[in-house]
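The values are calculated or read from the model by the stated rules, or taken from the named source; none is laboratory data. Note that the structure is predicted; figures quoted are calculated from it, not measured. Cβ sites come from the backbone with ideal geometry, for glycine too, and all protein chains shown count toward neighbours. We work out accessible area using only protein heavy atoms, side chains counted, and drop any ligands, DNA or RNA first. Shrake-Rupley method; radii C 1.70, N 1.55, O 1.52, S 1.80 Å.
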Amino acid sequence: MLLQSPVTGVTRAIAQVDRLMLYSALAALGTSLLLGYWMSRALSRPIKEMSSAAARLARGDFTSRVEVMSNDEMGELARSFNNMAEELSRLENMRREFVANVSHELRTPLTSIQGFIQALIDGTVSEEGAREKYLKLIRGEVVRMNRLINDLLDLSRLESGKVQMELAPLDIREIADSAVSAMDFRAHERNVSLRNLIPEGLPPVLADGDRIEQVFMNLLDNAITATRPGGYVELSAREAKEEIYVSVADTGHGIPPEELPFIWERFYKVDKARTRSEAIGTGIGLAIVKQIIEAHGGEVSAESEPGRGSKFTFSLRKV
């Protein structure tokens with residue numbers, strides 16, 4: 001038996017299905033294009049902003065930041081960019097402050113030297129005693145500048161990691177004795193007593209002798225300068241499980257609590273109102289101490305009470 005049916009209805013139904021599929025495909029294509037355009041805009045906008053901000057950073061505008069618009073990878077990238085910009089801004093401020101401080105520290109003695117020499121040349125100072133006094137003042141300023149330059153060079157090499165520490169077993173008491181002997185005349189000039197209470201027989205430490213003596217010299221110099229006439233500076237040490245802790249304490253004017261976190265920064269000086277002759281060095285000594293001790297794998301710390309003195313402590317590994 002054969003069944004026959006007109007194909008017109010079937011053809012029409014197929015055509016409708018074809019049209020429906022075409023419209024659906026066109027709608028899907030349009031939707032995907034719109035979504036793709038929106039997503040590309042969403043992705044490209046923060047990238048363009050970061051590119052523009054990076055260009056501003058390159059031109060020296062360290063206030064440049066980008067908006068964090070999401071918590072995804074792009075948002076994390078924006079936060080990382082802002083953190084980088086903040087760090088660059090901080091480093092730039094440090095650089096400017098560093099240049100200003102170096103310029104000030106060099107300009108002051110140079111101005112003094114220029115004035116002294118001009119007085120000698122003009123004949124303003126003719127008496128032999130006065131001329132000798134001026135020459136001693138000039139020599140003092142030259143020594144001060146030479147020390148500043150050497151400290152800057154030391155600090156630069158230490159911060160760049162170019163200084164190779166010659167580590168060897170050392171007796172910390174012997175290093176301390178050597179530093180105390182070197183600073184004894186300066187202490188005597190200021191009527192300050194030096195007391196080395198580091199006990200003999202401590203286990204040796206693994207350290208660079210020259211650099212650790214430099215640490216002692218810097219700490220002792222600061223302590224002697226900070227101590228009033230008639231006071232004392234005291235060295236002590238204690239043994240821990242794996243380290244030796246060494247302290248340099250003084251009976252000086254002390255350091256305000258709010259200033260303690262900043263004393264390890266370059267050129268930072270406590271009590272900036274004091275005269276140059278009373279100032280504690282150039283503000284580089286403690287930065288050098290920190291770099292040397294950390295290069296040995298040790299730690300440095302300070303505690304102080306205004307009016308009652310300060311105590312600086314560093315640690316070195318036992319052999």
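Volume per residue of the convex hull around the Cα atoms, evaluated for the stretch 67-134, comes out as 78 Å³.
Given the pairs LYS133/LYS311; LYS290/LYS318; LYS162/LYS311, which are separated by over 27 angstrom at their Cα positions? Cα-Cα > 27 Å for LYS133/LYS311; LYS162/LYS311; rest within. In terms of packing, defined here as the mean over residues of other Cβ atoms within 10 angstrom, the peptides 146-158, 119-131, 168-180 line up highest first as 168-180, 146-158, 119-131.
Near the amide H of GLU299, within less than 5 Å, lie the amide hydrogens of SER315, all on another chain or at least 5 residues away, with H placed in the peptide plane. For the listed peptides 297-304, 136-143, a ranking on the average number of other beta carbons within 10 Å per residue, highest first, reads 297-304, 136-143. Compared with the dominant Cα axis of the chain, that is its longest principal axis, helix 8-58 is turned about 10°. Relative contact order, whole percent, for the chain stands at 13, derived from Cα pairs under 8 Å and 6 or more residues apart. Over the Cα atoms of the chain, each weighted equally, I'd like the Debye log10 I(q)/I(0) at q = 0.07 Å⁻¹, rounded to two decimals. Debye output, listed in q order: -0.49.
When the Cα gyration tensor is reduced to axis lengths a ≥ b ≥ c, the ratio a/c is 1.5 or higher for the stretch 132-201, and with a/b not above b/c it is classed as oblate. Around the amide H of LEU194, modelled in the peptide plane, lie the amide H atoms of VAL233, all under 5 Å away and 5 or more residues distant in sequence or on another chain.
The HN-Hα couplings worked out from phi for the stretch 302-319 by the Karplus form 6.51 cos²θ - 1.76 cosθ + 1.60 (θ = phi - 60°) are 9, 9, 7, 9, x, x, 10, x, 9, 9, 10, 10, 9, 10, 9, 6, 6, 6 Hz, whole numbers, x standing for Gly and Pro. Working from label points 7 Å from Cα in the Cα-to-Cβ sense, the ARG186 to ARG308 distance is 2.7 nm.
Probe radius 1.4 Å, ligands and nucleic acids ignored: give me the carbon and sulfur share of the accessible area of the stretch 101-160 as a rounded percent. C and S fraction of accessible area: 54 percent.
Compared with the rule-of-thumb size 2.2 N^0.38 Å for a compact globular protein, the stretch 51-175 has a Cα radius of gyration ratio of 1.82. Applied to the stretch 228-242, the Karplus parametrisation 6.51 cos²θ - 1.76 cosθ + 1.60 on θ = phi - 60° returns per-residue 3J(HN,Hα) values of 6, x, x, x, 9, 10, 10, 9, 8, 8, 9, 9, 10, 5, 10 Hz, with x for Gly and Pro. Taking 0.36 nm per residue of separation and subtracting the current Cα-Cα distance, fully stretching the chain between GLU127 and ARG79 would add 10.4 nm. Solvent-accessible surface of the chain, averaged per residue with a 1.4 angstrom probe and all protein chains in place: 62 square angstrom.
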